[in-house]
Ligand SMILES: Nc1ncnc2c1ncn2[C@@H]1O[C@H](COP(=O)(O)OP(=O)(O)OP(=O)(O)O)[C@@H](O)[C@H]1O
Ligand SMILES: [Mg+2]
């Protein structure tokens, strides 16, 4: 963004006299010949007089116009925010919020102290989120569209001009270039920083305690959907010591930035979580990011239009404090053999991917998490240290995990929230131990159940039913 004070570069307004100059060019030899020829002719004299008035008036009008321009420039101050700047989205969101405040207050007063006039040019920003289970949610936000809007901020009027340059757009993302120009009286110039700070604070407050997921947008990362509530790390129950191991490794890495720099080692770390479906890999990574106040950059290697060069750019330009998450990393390259229904082939090559992960062009700090259900399918080149530094198996429920999950679901507060009957703690312990034993026995018989399946069961059943449910679940399971 740039605050521009136009007053300093004023062109001096032309005075009517200077403009009228040529008309009065009565000096010099040419004019003396003219005057000697026509001097005595009254018609010509009157003609010249009229012409003089005409030219004078035009000059005056021009002068006034320039003067007004100069005055406006001296008195007004403009602030330009372009689409590349983070303030751009903050400002639009802030403005949208003012709008909704106005709509609510409209009945009492048309112009609340901070409001923008009901605009007729709106744009919609849609946040669409498709979850893995197929459900989706959509949120709409109405923001100021291209055009001119007015808003009042701390008693000062501000003109907001949103312009879209359709001829120039980001080649990769196809997003047209846009700017917002705010104009107000010079005397209120101090309001700009205040306004932007307010917009920023609101934007960041919305993210506070939330997890932001970014997805590629052309060659840039953009927040995807609304920030989500963080999931407590303790809500993902992994095998004994596994969560601690990963957390410890990440924390140790984050503390050693200088150590890496001193030795000239690229400051990067890669993790691979592998194991059967529904064991908590994705959930754990999200919870971990949340607990460290990191964002997640979700990268889908088989995404349409993603090519090696884009991938390199994306991986070296991740937002600060973010994990790159690549799910089902085995699938990306197996898929290339078979084309998808529309005959489209992903154009990220395996070697391109390896290069993007650790080639010379890759960026500075980076933490990459990869997940897979089939670690055996991964090329050894991918899982060598430097690309994957810690590989951890996240397995189906073991007896103690199952018991812990059960206790979490049916402990006092939780049961009440779900509207279930209260079961006293000792009885709950007994039930938990029953489940624990059941799983243990069945594991010997080679039967396993995923944590996701247990969660599904606990969500829909009361504590007593859950014990029976686990038995059924186990009997339905086949040996892996
Ligand atoms: N260890 C766990 N502790 C608590 N909940 C779990 C655990 N594992 C799975 N779940 C629950 O099961 C659901 C699916 O988990 P998640 O998506 O993390 O599995 P995943 O290992 O990533 O599976 P996939 O390999 O299919 O991607 C989530 O709703 C999650 O809450
Ligand atoms: Mg997953």
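The values are calculated or read from the model by the stated rules, or taken from the named source; none is laboratory data. Model, not experiment: these values are computed from the prediction. Heads up, the Cβs are rebuilt from the backbone with ideal geometry, glycines too, and the neighbour counts pull from every protein chain shown.
Somewhere in the range 244-257, is a residue touching a residue at least 24 places away in the same chain (Cβ under 8 Å) and within 16 Å of ligand 2 (Cβ to nearest atom)?
Scanning the range 244-257 turns up at least one residue that is touching a residue at least 24 places away in the same chain (Cβ under 8 Å) and within 16 Å of ligand 2 (Cβ to nearest atom).
Does at least one position in the range 347-366 carry a residue that is within 21 Å of residue 285 (Cα to Cα), in contact with a strand residue (DSSP E or B) (Cβ under 6 Å, 6 or more places away or on another chain) and either within 15 Å of ligand 1 (Cβ to nearest atom) or modelled with pLDDT of 90 or more (or both)?
Checked the range 347-366: at least one residue is within 21 Å of residue 285 (Cα to Cα), in contact with a strand residue (DSSP E or B) (Cβ under 6 Å, 6 or more places away or on another chain) and either within 15 Å of ligand 1 (Cβ to nearest atom) or modelled with pLDDT of 90 or more (or both).
Quick one: which residue in 198, 194 is away from ligand 2 (no atom under 16 Å from the Cβ), over 30 Å from residue 304 (Cα atoms) and in contact with a helix residue (DSSP H, G or I) (Cβ under 7 Å, 6 or more places away or on another chain)?
From the options 198, 194, the qualifying one is 198.
May I ask you to list pairs of residues, at least six apart or on different chains, whose Cβ atoms are under 7 Å apart, with the first in the range 365-376 being free of Cβ contacts under 8 Å to residues at least 12 places away in the same chain and within 30 Å of residue 261 (Cα to Cα) and the second being outside any strand (DSSP E or B) and within 14 Å of ligand 2 (Cβ to nearest atom)?
So the pair list comes out empty.
Among the candidates 234, 283, which residue alone is within 22 Å of residue 459 (Cβ to Cβ) and either more than 16 Å from ligand 2 (Cβ to nearest atom) or surrounded by fewer than 15 Cβ atoms within 10 Å (Cβ to Cβ) (or both)?
234
From the list 96, 46, exactly one residue is at pLDDT 60 or above and within 26 Å of the chain's Cα centre (by Cα). Which is it?
96
Across the range 162-200, which residue is nearest to the chain's Cα centre (by Cα) among those that are exposed (fewer than 13 other Cβ atoms within 10 Å of the Cβ) and modelled with pLDDT of 90 or more?
Going through the qualifying residues, I end up with 197.
Scan 275, 290, 264, 270 and give me the residue that is in the same structural domain as residue 249 (by TED's automatic domain parsing), closer than 21 Å to residue 374 by Cβ and away from ligand 1 (no atom under 13 Å from the Cβ).
Just one listed residue meets the conditions, 270.
If I go through the range 437-449 residue by residue, how many of them are under 21 Å from residue 277 (Cα atoms) and either loosely packed, with under 15 Cβ neighbours inside 10 Å or at pLDDT 95 or above (or both)?
The qualifying residues number 4.
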